[in-house]
Amino acid sequence: MTELTTFTPASAALGGVLIGLAAVVFMASLGRIAGISGILGGLIASPRGSWSWRLAFLIGLLLTSLATWRLMPDAFVPREGFPLPLLILAGLLVGFGTSLGNGCTSGHGVCGLSRLSVRSLVAVMVFMAAGVATATILRMVFWS
Amino acid sequence: MSTAQAMTKPGAFPFGQTIAALLSGALFGAGLVISGMSNPHKVLNFLALDAQWDPSLLVVMGAATLTALIGFRLAWRRQTPLFDEQFHLPTRRDIDRPLVLGALLFGLGWGIAGYCPGPALTATLIAPAEGLWFVASMLIGMMAQRFLARNKAAA
């Protein structure tokens, strides 16, 4: 189930800078937080007048992620054999949780921390702690 | 968020907003794949504290946050964003139950499968066998929360 990965500081830093630049472009041009869960969630709720930039953001994200992966297919090999019920449960939790808490790794994480928002700092500490605890326990119990 | 959205004048800067959002999304998507954040193995090897611990995602978050920390301050030197009449920044400061409970549930789901919303979206194309199931479930989760919140507000 688990696959070894190595510490890749250079590509992690480069990718991180690109994600940060994406947030800066969004802030400078639209004046908004580039939070994936918020942009996606707003598309479902469809407030009038905002669907075009929400959709444009998602299309840009999908296109370059595919193109980048095509250019560097070694970046990752799709996982196989992950239990479908767990995948669905995780998806429900991520959707419900980010909607209830108003943000995810991008909105509370990257954008919130760089705005020095206390609310976001609390959210990040909680979801990091929950993520670490869950992943560590699951691996110890089931997949070691 | 709802008040900020209500104040948006629809279609005031449609072309500039759309192009800028496309560019931002494009940078985001490339960043997610290059950084390794799109790879659930790498995410779980960061979240699971064991002998295989891979600290790469700490570098991703650090680099992204530092870039935004500097870039936001440059962006805020203007009175308004390029393609809107005002900045739409969150104004709430209270630490309430929904914030903490939401983050907790999100962290649980993240720790189970290794996908947060951005990498889940990229997975719909580069790992569709997982990505489509995950994103469909995530959208249902989002809609369920909104439905419950609306009912609660109406009651």
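The values are calculated or read from the model by the stated rules, or taken from the named source; none is laboratory data. Please read all numbers here as calculations on a predicted model, not as lab measurements. No Cβ is skipped: glycine too gets one built from the backbone with ideal geometry, and neighbour counts run over all protein chains shown.
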- Item | Of the criteria (1) closer than 22 Å to B:Val59 by Cα; (2) of a type in the set (A, V, I, L, M, F, W, C); (3) within 7 Å of another protein chain (Cβ to nearest Cβ), which one A:Ala10 fails | (3)
- Message: For the list (1) more than 7 Å from every other protein chain (Cβ to nearest Cβ); (2) touching a residue at least 40 places away in the same chain (Cβ under 8 Å); (3) among the aliphatic types (A, V, I, L, M), I need the number of the one condition that B:Ala113 fails.
- Response: (1)
- Task: Output the number of residues of the range A:1-27 satisfying the condition of being small (Gly, Ala, Ser) and crowded, with 22+ Cβ neighbours inside 10 Å.
- Result: 6
- Task: Kindly provide the set of residues from the range A:92-121 that are in contact with a Cys (Cβ under 9 Å, 6 or more places away or on another chain) and within 14 Å of B:Cys116 (Cβ to Cβ), ordered by number.
- Result: A:Val94, A:Gly97, A:Thr98, A:Gly103, A:Cys104, A:Thr105, A:Ser106, A:Gly109
- Mind checking which residues of the range A:97-115 are within 16 Å of A:Gly42 (Cβ to Cβ) and without any contact (Cβ under 8 Å) to a residue 40 or more places away in the chain? A:Leu100, A:Gly101
- Note on the structure: (1) surrounded by fewer than 22 Cβ atoms within 10 Å (Cβ to Cβ); (2) under 23 Å from B:Ala75 (Cβ atoms); (3) more than 7 Å from chain B (Cβ to nearest Cβ) all hold for A:Leu43 apart from (2)
- Candidate set: the range A:51-62, residues that are surrounded by fewer than 20 Cβ atoms within 10 Å (Cβ to Cβ) and at the interface with chain B (Cβ under 7 Å from one of its Cβ atoms); chosen: the one modelled with the lowest pLDDT: A:Ser52
- Message: Can you say whether B:Arg97 is basic (Lys, Arg), in contact with a helix residue (DSSP H, G or I) (Cβ under 9 Å, 6 or more places away or on another chain) and within 24 Å of A:Arg119 (Cα to Cα), as far as the supplied structure shows?
- Response: no
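For (1) surrounded by fewer than 20 Cβ atoms within 10 Å (Cβ to Cβ); (2) out of contact with any Leu (no Cβ under 6 Å at 6 or more places or on another chain), each residue gets a yes or a no:
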| site | (1), (2) |
| --- | --- |
| B:Ala68 | no, yes |
| B:Thr80 | yes, yes |
| B:Asp96 | yes, yes |
| B:Gly107 | no, yes |
| B:Gly114 | no, no |
| B:Pro117 | no, yes |
- Query: When only residues in the range B:27-84 that are in a helix (DSSP H, G or I) and among the charged types (D, E, K, R) count, which is farthest from B:Glu130 (Cα to Cα)?
  - Reply: B:Arg73
- From B:Leu74, B:Leu104, B:Leu58, grab the single residue that is within 7 Å of another protein chain (Cβ to nearest Cβ) and either more than 20 Å from the chain's Cα centre (by Cα) or of a type in the set (A, V, I, L, M, F, W, C) (or both). B:Leu104
